[in-house]
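Presented below is the structure to which this report refers.
Please treat every number below as a calculation from the coordinates, not as lab data. The structure presented is a predicted model; accordingly, all values stated were derived computationally and were not measured. Positions of Cβ are backbone-derived with ideal geometry, glycine not excepted, and every protein chain shown enters the neighbour counts.
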């Protein structure tokens, strides 16, 4: 991972929202659960206490991770980058593709490695499909070396949102 991992402004906002929720909702709830479990007596054999402490450890770890990501990340305004690179696939672009063989269409947004989520159609800039699309324009064909073989996608539309 580079010293300053790229992050879209939207991705950074999602992480800030998660961080806020962890600090203002989850952390106090866990502290309350630990307090209540302590009241039940012997801590050695208190499963509720140990479960709450484990939750606390996970929560604090995620808070530190998010704070670290947000402090190091290079936050990129997708709309501004798109304006400078109009018509080209760049970091942050949302790209509609048509698989040439099947005719199926799919839309992906190219994002930083830290915010990639294939279920949300956000692919990492370092992924094979993103690398195949970078620099291409509408009408170009992106050739992707996938685990199941070579796939070709025509770029139908490029948006910066």
Relative contact order (percent, whole number), the stretch 106-161, Cα cutoff 8 Å, 6+ residue spacing: 22
Percent antiparallel among DSSP beta bridges (both partners in the chain, rounded to 5): 75
Mean separation of Cα contacts under 8 Å, 6 or more apart, over the residue count of the stretch 13-66: relative contact order %: 46
Structure-derived Cα Rg over 2.2 N^0.38 Å - corresponding label in [x] 1.10; [y] 0.91; [z] 1.41: [z]
Fluctuation leader among 147, 128, 28 - the chain, Gaussian network, Cα springs under 10 angstrom: 147
Highest-fluctuation residue, 43, 22, 66 considered, GNM on the chain with Cα pairs under 10 Å: 43
Simple spin-label estimate for residue 48 and residue 101 in nanometres, 7 Å along Cα-Cβ: 5.7
Peptides 118-127, 33-42 ordered by average Cβ neighbours within 10 Å, highest first: 118-127, 33-42
Residue-span extension gain [residue 31 to residue 137] - 0.36 nm each, minus C-alpha spacing: 32.9 nm
Full-stretch length increase - residue 84, residue 67 - with 0.36 nm per residue and alpha-carbon distance subtracted: 3.1 nm
Mean separation of Cα contacts under 8 Å (6+ apart) over length of the chain, as relative contact order %: 23
Mean residue ellipticity (222 nm) of the chain, computed from DSSP H runs ≥ 4 via -39,500 (n - 2.57), nearest 500: -12500 deg cm²/dmol
Fully extended contour minus Cα-Cα distance, from residue 117 to residue 55, at 0.36 nm per residue: 19.9 nm
